[in-house]
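What follows is one structure encoded as structure tokens, with my remarks underneath.
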Amino acid sequence: MTLSNPLLTTWDTPYGLPPFASMQAEQFKPAFDAAFSEHRAELDAIASNPAPADFDNTIAALDRAGRRLARLDGLFYNLTASETSPALQAVERELAGPAAAHSNAIYMHSRLFKRIDSLFESRTALDLTPEQQRLLERVHLDFVRAGAKLEGNTQARYAQIMERLAELSTRFAQNVLADESNYRLVLRTEEDLAGLPDFVRAAARQAAVDRGISDAYVITLSRSHIVPFLTFSSRRDLREQAYKAWTTRGEHEGPHDNRSVVREMLTLRREQALVHGYANYADYALADSMAGRASAVSDLLRKVWVPAEKALEQERAALKAMQVSRGESYEIEAWDWRYVAEKVRQERYDLDEAAVKPYFPLNRMVEAVFDCAQRLFGLHFIEKPEVKTYHPDVKVYEVRGADDALVGVFLHDNFARPSKRSGAWMSSYRLQSRNGAKDVLPIVVNNNNFAKGAPDEPTLLSFDDARTLFHEFGHGLHGLLSNVTYERLSGTNVLRDFVELPSQIFENWLSEPEVLKKHARHYQTGEVIPDELVKRLEAARHFNQGYETIRYIASALVDMAIHSQGGAEAPDIAAFEAEELKRIGMPKGVGMNHRLPHFQHLFSGSSYAAGYYVYLWAEVLDADGYGAFKEAGSPFDANVAQKLHRFIYASGNSLEPSKAFESFRGRAPTIEPMLRKRGLLGPQS
């Protein structure tokens, strides 16, 4: 099988990319079986080494082990997110348990942990470099948090919990994708299309073509479809229909119902936390975070909720006044807010989305992120159209530094499709490291879900879409610029409430006038975005921020509450969500960013469970951190950029995150710049 399975052979491809053209879904299970076996043999060899444990023969050796498995992981789980199929989904379900069992075999390997534990106990006497010390501490903590110190039946039960959680998270993600892929709001008449500007109609028409529907328009549940529809459609009945479909994903009777899936996951997570001695899962998750404890998260969310709620009520008053002026009297529901708010925005700022989008074609915004990376960090992105991947839409770039040395490979996958999960994310096919026979360069992918333009027509982005592009590219730079020795500390392998800093701080460059004047050009005429339009965009920057902030914080508070619950069995999630929103005083007609039955951050994996707050935590860091460029007088100040590169983008997890930020900024962060950035605090005097 090894000789005939291309997944197990040397990948003789450009840059060591996966053999996309020759692989088949049925090859993955035997390939993983072989890679699991090989990795376990490597771990056994480390554990049975007759030489006394030292850093190189145990910790560094562990970091080098499992490279074939890591290569397969990078390929398979990127495919199942970006270009899945029924065959791949079947393999994903089949692999969920065995993959979790293999993880248990690693972290519950008693002889291996004994060597790691002995080194950890004597770490101060080992004469390690700071990076080696950090790696030893992180590896030891990985093992402890994964059950290495548990014994007997307790450890066996813990292994069962982790395997079942893996199966459930896979089912959860596939259920959400099924609801998203199956839904289509078909618009056939001019009455159906009422209020929709040309760019929304064009995207809906292309979605219909892609789905084989003639003489009609289709609205999907992709954010780049649903949000514009809710913003512009004057058909209130269709807005309600689309909104309810969007917010009830995973909440329908039948094979894709996530309510029982989530309840079981929550029950198991609480049991997992209890085994480790924590009262609830939130305490367990936050123990390895910058926040450290639930009270720190609650304090931050509460500090922002109060001014956001005041701003929201001012926004509601403006919406009601707009309704009166239009002769409308209905009570504003969640499917109405964006529609009426857009009318207020147009009147108050003379800002029409249809007039803005022509200045933000996708190709020019890609040029903008590349240009900012070049001016800040000396990077050059060279497109390689001859390199083929898993889908024709994916573009491949060779990334070179200021000295022309190869830095890594960047894949850009920007368009929505039924085979791709919703949202936007960065991932890696390969992590950067120098712990081996030769240095390993990263292969990074950015995924977005923009509504694709018609053939021979550009894809036009909203300003919010462009911000998403910059955000994910910031994550991409975090992977590409990684400059550490050990894979475990590489790139985005950092604490969850630090990982959003490199992405969120990069968003700031989109709003810089000199970036807009250079790259925001009309897709037809090449005209530079007018100064007056830039001023109106800046003036509208804080518009509707009370609404956006409340939606986010409500989701974060529900996340913390559901993961802090202490019952032996998780509650009915719909009832819990409703009760929690009532308890926090959720304003009517606003809605949440994500409801529990489709909250992929929490239940498609565990990375953001009891951790959705991290975007706001990182925004405190990013708003304060970007102030360093403001103080220097230039968004491309070379000295500040060099510090940003060294301490934020290149250091990975080799530095404790608070120290990394303080090394960049020169001090600890403060909350006021974030409140001011959101328009929730008055301007500086």
Self-check item: Within segment 599-685, helices (runs of 4 or more DSSP H) holding 3 or more residues that are farther than 29 Å from Trp246 by Cα, in contact with a Lys or Arg (Cβ under 7 Å, 6 or more places away or on another chain) and among the small types (Gly, Ala, Ser)
Solution: 614-632
Quiz item: Are any residues in segment 297-334 surrounded by fewer than 15 Cβ atoms within 10 Å (Cβ to Cβ), small (Gly, Ala, Ser) and part of a helix (DSSP H, G or I), and if so, which ones?
Solution: Ala317, Ala321, Ser325
Quiz item: Is it the case that Ala273 is under 24 Å from the mean Cα position of the chain (by Cα) and of a type in the set (A, V, I, L, M)?
Solution: no
Exercise. Under 6 Å between Cβ atoms, at least 6 apart or on separate chains: pull out the pairs that start in segment 269-286 with a residue that is assigned to a helix (DSSP H, G or I) and end on any residue that is surrounded by fewer than 16 Cβ atoms within 10 Å (Cβ to Cβ).
Key: Leu286/Arg293
Quiz item: Of the residues that make up segment 358-367, is at least one touching a residue at least 60 places away in the same chain (Cβ under 8 Å), aromatic (Phe, Trp, Tyr) and closer than 27 Å to Ala194 by Cβ?
Solution: yes
Practice problem: Sort through Ser103, Ser122, Ser118, Ser85 and tell me the only one that's in the same structural domain as Glu42 (by TED's automatic domain parsing), out of contact with any strand residue (DSSP E or B) (no Cβ under 8 Å at 6 or more places or on another chain), among the small types (Gly, Ala, Ser) and without any contact (Cβ under 8 Å) to a residue 12 or more places away in the chain. | Solution: Ser122
Exercise. Could you tell me whether any residue of segment 667-681 is among the polar types (S, T, N, Q), surrounded by fewer than 17 Cβ atoms within 10 Å (Cβ to Cβ) and closer than 27 Å to Arg134 by Cα?
Key: yes
Quiz item: Which condition number in (1) touching a residue at least 60 places away in the same chain (Cβ under 8 Å); (2) of a type in the set (A, V, I, L, M, F, W, C); (3) buried (at least 17 other Cβ atoms within 10 Å of the Cβ) is the one that Ala90 fails?
Solution: (3)
Quiz prompt | Residue list for segment 206-234, restricted to those being in contact with a strand residue (DSSP E or B) (Cβ under 6 Å, 6 or more places away or on another chain), β-branched (Val, Ile, Thr) and in a helix (DSSP H, G or I) | solution = none
Quiz item: Within segment 552-561, is even one residue more than 27 Å from the chain's Cα centre (by Cα), not charged (D, E, K, R) and not assigned by TED's automatic domain parsing to the domain that holds Arg678?
Solution: no
Quiz prompt | Subset tally (residues that are of a type in the set (D, E, K, R), more than 32 Å from the chain's Cα centre (by Cα) and over 20 Å from Pro587 (Cβ atoms)) for segment 282-335 | solution = 1
Practice problem: Would you point out which residue out of Phe143, Phe172 is surrounded by 16 or more Cβ atoms within 10 Å (Cβ to Cβ), touching a Phe, Trp or Tyr at 6+ places or on another chain (Cβ under 8 Å), assigned by TED's automatic domain parsing to the domain that holds Ala96 and part of a helix (DSSP H, G or I)? | Solution: Phe143
Self-check item: Per-region count, segment 300-340, residues over 30 Å from Arg676 (Cβ atoms), in contact (Cβ under 8 Å) with a residue 40 or more places away in the chain and among the hydrophobic types (A, V, I, L, M, F, W, C)
Solution: 1
Quiz item: Counting only residues that are of a type in the set (S, T, N, Q) and either at pLDDT below 95 or surrounded by fewer than 22 Cβ atoms within 10 Å (Cβ to Cβ) (or both), which one in segment 232-271 is nearest to Ala207 (Cα to Cα)?
Solution: Gln241
Self-check item: Filter result (of a type outside the set (Lys, Arg) and touching a His at 6+ places or on another chain (Cβ under 8 Å)) within segment 338-369
Solution: Pro358, Tyr359, Met365, Val366, Glu367, Ala368
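Count, please, the residues in segment 546-570 that happen to be modelled with pLDDT under 95 and out of contact with any helix residue (DSSP H, G or I) (no Cβ under 6 Å at 6 or more places or on another chain).
4
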Exercise. Only residues in segment 39-56 that are among the aromatic types (Phe, Trp, Tyr) count as the first member; pair them with residues that are modelled with pLDDT of 95 or more and in a helix (DSSP H, G or I), Cβ under 6 angstrom, at least 6 apart or cross-chain, and list the lot.
Key: Phe55/Gln132
Practice problem: Among the residues of segment 390-435, write down those that are modelled with pLDDT under 95, touching a helix residue (DSSP H, G or I) at 6+ places or on another chain (Cβ under 6 Å) and over 26 Å from Gln504 (Cβ atoms). | Solution: Pro418
Practice problem: Can you confirm whether segment 637-645 contains a residue that is in contact with a Leu (Cβ under 8 Å, 6 or more places away or on another chain) and buried (at least 23 other Cβ atoms within 10 Å of the Cβ)? | Solution: yes
Quiz item: Would you pick out the residues in segment 29-63 that are buried (at least 17 other Cβ atoms within 10 Å of the Cβ) and among the basic types (Lys, Arg)?
Solution: Arg40
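The values are calculated or read from the model by the stated rules, or taken from the named source; none is laboratory data. Computed from a prediction, not measured in an experiment: that's the story for all the values here. We place every Cβ from the backbone using ideal geometry, glycine too, and count neighbours over all the protein chains shown.
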